[in-house]
Amino acid sequence: MDAYKYIKGAIIDGRYTPGMRLGEEFLAKELNLSRTPIREAIRHLEAEGLVVPLKRGVSVRNFTNEDIRQIYDLRTLLEGYAASQAAIHRTEEDLIKMESANIQYEKVIQDYGESDLVRVKEIVDVNQQFHEVILHAANNAHLHFHLSKVVVVPIVYRSFYWYDDNQLKRSLEIHKIILQAIQNKEPERARIAMHEHIYQGRDHVLKHLDKIKSAKQ
């Protein structure tokens with residue numbers, strides 16, 4: 001068993017909730033592993049900002065409203081810049097991949113049912129694919145590294161659980177606007193559309209933050 005993947009997955013899907021203490025002994029028993037791979041996994045998770053150190057062990061990071069605002073402000077700057085650069089540097093292959101991700105996104109949304117956790121995971125994965133292609137198209141090797149430090153995966157994942165059909169469709173429509181701007185080589189339009197997209201995500205997270213932090217999915 002990969003200790004890092006297991007613990008990260010448990011944090012993302014809410015089995016390990018914000019503020020929960022994760023001791024080496026507890027994790028070693030839970031995963032039936034020695035403490036060595038547990039320590040390595042914890043170091044990796046600390047570097048990603050998903051856990052914070054305690055005197056003994058670590059706890060799952062808890063995010064305040066101000067944390068969310070600051071994180072999404074950084075995401076807006078970085079992803080807006082990525083979208084504008086993608087409009088300049090994108091290739092035909094990039095456009096095909098973006099379009100494919102949006103087609104998959106639309107299909108998953110159409111099949112989505114209330115409390116359908118399998119579909120939630122699919123929605124998150126396909127949404128991430130779209131954003132990853134934009135990062136690749138931006139042709140800047142440093143963007144991915146910096147974004148990985150500010151994209152709070154558990155919050156993003158669990159926030160999708162509280163999207164209704166209209167919100168998901170609005171998200172898809174903005175994806176299409178971003179794609180069109182990148183396709184037409186309109187960097188400023190792509191940047192503005194991405195800003196709106198990220199800020200809508202921020203507002204949704206802030207509205208449902210208490211539910212997101214307490215949800216065990």
Practice task
Tell me which residues, restricted to region 164-200, are in contact with a Lys or Arg (Cβ under 9 Å, 6 or more places away or on another chain), open to solvent by 10 Å² or more (accessible area, probe 1.4 Å) and in contact (Cβ under 8 Å) with a residue 12 or more places away in the chain.
Solution key: Ile177, Gln183, Lys185, Gln200
Problem - Whichever residue in region 129-153 is in a loop (DSSP other than H, G, I, E, B) and modelled with pLDDT of 90 or more and, among such residues, is surrounded by the most Cβ atoms within 10 Å (Cβ to Cβ) - result: Ala138
Exercise for the section: Can you confirm whether region 24-31 contains a residue that is of a type in the set (A, V, I, L, M) and under 20 Å from Lys149 (Cα atoms)? Expected result: no
Handout entry: Search result, residues across region 26-78 that are of a type in the set (Val, Ile, Thr) and closer than 22 Å to His208 by Cβ
Key = Val60, Thr64, Ile68, Ile71, Thr76
Problem - Any hit, region 100-108, residues being assigned to a helix (DSSP H, G or I), modelled with pLDDT under 90 and open to solvent by 20 Å² or more (accessible area, probe 1.4 Å) - result: no
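The values are calculated or read from the model by the stated rules, or taken from the named source; none is laboratory data. What you see is a predicted model, and the numbers here were worked out from it, not measured in a lab. Backbone-built Cβ (ideal geometry, glycine too); neighbour counts: all protein chains shown. The accessibility values were calculated without ligands, DNA or RNA, using every heavy atom of the protein model including side chains. Shrake-Rupley method; radii C 1.70, N 1.55, O 1.52, S 1.80 Å.
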